[in-house]
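The values are calculated or read from the model by the stated rules, or taken from the named source; none is laboratory data. Everything numeric in this text was worked out from a predicted model, so none of it was measured. Every residue, glycine as well, gets a Cβ built from its backbone with ideal geometry; the counts of neighbours run over all protein chains shown. These accessible areas exclude ligands, DNA and RNA; they are computed on the full protein's heavy atoms, side chains included. Shrake-Rupley method; radii C 1.70, N 1.55, O 1.52, S 1.80 Å.
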Amino acid sequence: MSTTETTTTIATQEALDAFNDAQAEFLEWRSKLNALQTRAEQQQALAKESEAEAASHKEAIDKLIRDESVDKAKLHELTAKHKAALSLAEQYLAFADELLQEKEKHRPYAMLAAERYYSSWERAVSSVVDSEVSLILDDIRDRLLRAVKLKELALKMAQRMVKTGITSDAYGRDNLTDLAFGEIKRHLAKSLEGFNLDLGSGGALALLERKPDIRPFTRSEIKNPMTIVKLRQDLARKQCEAQRA
């Protein structure tokens, strides 16, 4: 393995390691957000059940009061159940709010993790591609240089240069190289039209087609620092309001 190949491989592995670390960090934050949201929704559902139960007791109480022979013991029992159901609903909703506030508290950090995750993916992709291209060019370098030199030689000996009085000295060494590369480029361009790029399915190059899933955030959100600043300001404001209440 050449020094260039070794250096490139090390740099690529470091980029991939950074990507994997950033991915794990973001997924952990997202898992926390999802767990808090799920628990909050569970509490909200329980609150609705208690509210429905309270409404049922209220209806029974109204009906019992209108009865000619009021069963006070039953009335007291229903009233107690009605109050208990309403109290439970309030507690469920209060806990749900706590969970959602906790989720909002974590949201800025999760968003920062999402930005690191996406950015590390971009850097890893760039490093993987650079490494692959470097290895390919190292592999074909001598043949490619041979092709360039042959084209240079052909240009020097071209009959059109002799007939028009243009010599290789007039073209200059750099100009001849540019012309040689130009012809090789045109040759490759023709083949490129029908070439299918195979990135594989399990290798590092497969990263190119696997954009990070940063939901619930969007690309525009994580690239806008002001969004995170605003989230933190809103959180600080809510905490102050809660303390004054």
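Any chance the stretch 17-35 includes a residue that's surrounded by 12 or more Cβ atoms within 10 Å (Cβ to Cβ) and farther than 30 Å from Arg215 by Cβ?
There is no residue in the stretch 17-35 that is surrounded by 12 or more Cβ atoms within 10 Å (Cβ to Cβ) and farther than 30 Å from Arg215 by Cβ.
Can you tell which of Asp97, Asp174, Asp198 is at pLDDT 80 or above and open to solvent by 40 Å² or more (accessible area, probe 1.4 Å)?
Asp97
Report whether or not Ser120 is under 30 Å from Ala11 (Cβ atoms), in a helix (DSSP H, G or I) and open to solvent by 50 Å² or more (accessible area, probe 1.4 Å).
no
Conditions tested, residue by residue: (1) in contact with a helix residue (DSSP H, G or I) (Cβ under 8 Å, 6 or more places away or on another chain); (2) touching a residue at least 40 places away in the same chain (Cβ under 8 Å); (3) surrounded by 15 or more Cβ atoms within 10 Å (Cβ to Cβ); (4) part of a helix (DSSP H, G or I).
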| residue | (1), (2), (3), (4) |
| --- | --- |
| Lys103 | yes, yes, yes, yes |
| Met111 | yes, yes, yes, yes |
| Arg116 | yes, yes, yes, yes |
| Asp130 | yes, yes, no, yes |
| Ser134 | yes, yes, yes, yes |
| Leu137 | yes, no, no, yes |
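Could you check the stretch 209-228 and list, in sequence order, the residues that are within 22 Å of Asn34 (Cα to Cα), in a helix (DSSP H, G or I) and open to solvent by 60 Å² or more (accessible area, probe 1.4 Å)?
Answer for the stretch 209-228, where residues must be within 22 Å of Asn34 (Cα to Cα), in a helix (DSSP H, G or I) and open to solvent by 60 Å² or more (accessible area, probe 1.4 Å): Arg219, Ser220.
When Lys83 is evaluated against the numbered criteria (1) open to solvent by less than 70 Å² (accessible area, probe 1.4 Å); (2) free of Cβ contacts under 8 Å to residues at least 40 places away in the same chain; (3) more than 20 Å from the chain's Cα centre (by Cα), which criterion, by number, is the only one it fails?
Result: Lys83 fails condition (1) only.
Within the stretch 36-78, restricting attention to residues that are surrounded by fewer than 17 Cβ atoms within 10 Å (Cβ to Cβ), farther than 30 Å from Ala110 by Cα and of a type in the set (S, T, N, Q), which residue is farthest from the chain's Cα centre (by Cα)?
Ser69
Test Ala60 against the stated conditions and say whether it is over 30 Å from Ala124 (Cα atoms), at pLDDT 95 or above and among the hydrophobic types (A, V, I, L, M, F, W, C).
So Ala60 does not fit the description; no.
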